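To keep things clear, I will list the structure first and then write my remarks on it.
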Amino acid sequence: MKAPEEKFLIDGPAGKIDVIMERPDAPKGIALIAHPHPLGGGANTNKVAYTLARTFVSLGYAAFRPNFRGVGGSEGVHDEGRGETEDLLVVLEEAKRRCGDLPVALAGFSFGAYCQTRVAKRLQEAGHPAQRLVLVGTAAGYVESTRHYDTEAVPHDTIVIHGADDTLVPLSNVFEWALPNDLPVVVVPGADHFFHRRLHVIRDIITRAWRH
């Protein structure tokens with residue numbers, strides 16, 4: 001399924017939010033995609049975020065990829081996940097306005113995955129839980145020995161994908177977070193944090209999971 005990229009700005013809590021939308025005809029769901037850490041060069045054009053969006057479009061979803069604060073045309077300054085969570089929720093409301101009240105898939109990479117665990121918790125508390133989550137290279141625990149991520153618990157059917165050779169977010173961090181949640185982790189051999197030459201594996205894992 002194909003969908004052209006459309007770019008637009010919406011009003012968020014800290015100013016404009018810069019969004020890329022790919023909307024197929026008659027979408028069956030909304031996929032909200034969150035990119036990696038802005039201070040590490042993360043943006044909505046990141047290859048993993050792009051792969052997540054294209055995968056969901058192929059599954060018939062409208063994919064929305066906002067830029068976090070201070071990235072691209074998005075205003076405001078980095079807020080360590082707090083403001084970013086608010087912005088994702090605002091983008092989701094806009095997505096529903098454009099597409100209707102459809103099932104919502106939350107997908108994120110690295111810092112974006114951490115933010116999506118927060119979004120999922122908020123949606124659950126509001127009585128509108130997400131259909132499912134896809135978290136890739138999830139930021140959890142101490143990352144680069146400086147930042148600590150207190151990543152939220154997520155539903156048991158969450159698809160957690162991590163690279164065996166991830167040196168940025170050690171696999172042990174993700175296991176430690178997943179263990180009390182009884183959460184399986186799909187480990188991709190030979191994949192680093194950015195899934196160089198392994199992006200197709202992410203697509204295949206999600207596509208297989210969605211069709212079951």
Residue list for region 194-203, restricted to those being out of contact with any helix residue (DSSP H, G or I) (no Cβ under 9 Å at 6 or more places or on another chain) and open to solvent by less than 90 Å² (accessible area, probe 1.4 Å): 198, 201
Of the residues in region 1-16, those that are closer than 29 Å to residue 210 by Cα and either of a type in the set (Lys, Arg) or buried (at least 23 other Cβ atoms within 10 Å of the Cβ) (or both) number 2
Looking at region 113-131, which of its residues are out of contact with any helix residue (DSSP H, G or I) (no Cβ under 8 Å at 6 or more places or on another chain) and touching a residue at least 60 places away in the same chain (Cβ under 8 Å)? 113, 131
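A quick yes/no check of all residues on (1) under 25 Å from residue 58 (Cα atoms); (2) surrounded by fewer than 16 Cβ atoms within 10 Å (Cβ to Cβ); (3) in contact (Cβ under 8 Å) with a residue 60 or more places away in the chain:
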site: 133; (1), (2), (3): yes, no, no
site: 140; (1), (2), (3): no, no, no
site: 156; (1), (2), (3): yes, yes, no
site: 186; (1), (2), (3): yes, yes, no
site: 190; (1), (2), (3): no, yes, no
site: 205; (1), (2), (3): yes, no, no
Restricting region 45-61 to residues that are within 12 Å of the chain's Cα centre (by Cα) and under 15 Å from residue 30 (Cβ atoms), which is surrounded by the fewest Cβ atoms within 10 Å (Cβ to Cβ)? 53
Taking the criterion of being surrounded by 20 or more Cβ atoms within 10 Å (Cβ to Cβ) and under 22 Å from residue 150 (Cα atoms), would at least one residue in region 19-32 satisfy it? yes
Based on what the data block shows, is residue 42 open to solvent by less than 10 Å² (accessible area, probe 1.4 Å), within 22 Å of residue 151 (Cβ to Cβ) and touching a Gly at 6+ places or on another chain (Cβ under 8 Å)? yes
Output the residues belonging to region 51-80 that are more than 22 Å from residue 97 (Cβ to Cβ) and either touching an Asp or Glu at 6+ places or on another chain (Cβ under 7 Å) or of a type in the set (Lys, Arg) (or both). 54
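The values are calculated or read from the model by the stated rules, or taken from the named source; none is laboratory data. Just so we're clear, the structure is a prediction, and the values are computed from it rather than from any experiment. All Cβ positions, glycine included, derive from the backbone under ideal geometry; neighbour counts span all protein chains shown. Protein only, heavy atoms only, side chains kept; ligands, DNA and RNA dropped before computing areas. Shrake-Rupley method; radii C 1.70, N 1.55, O 1.52, S 1.80 Å.
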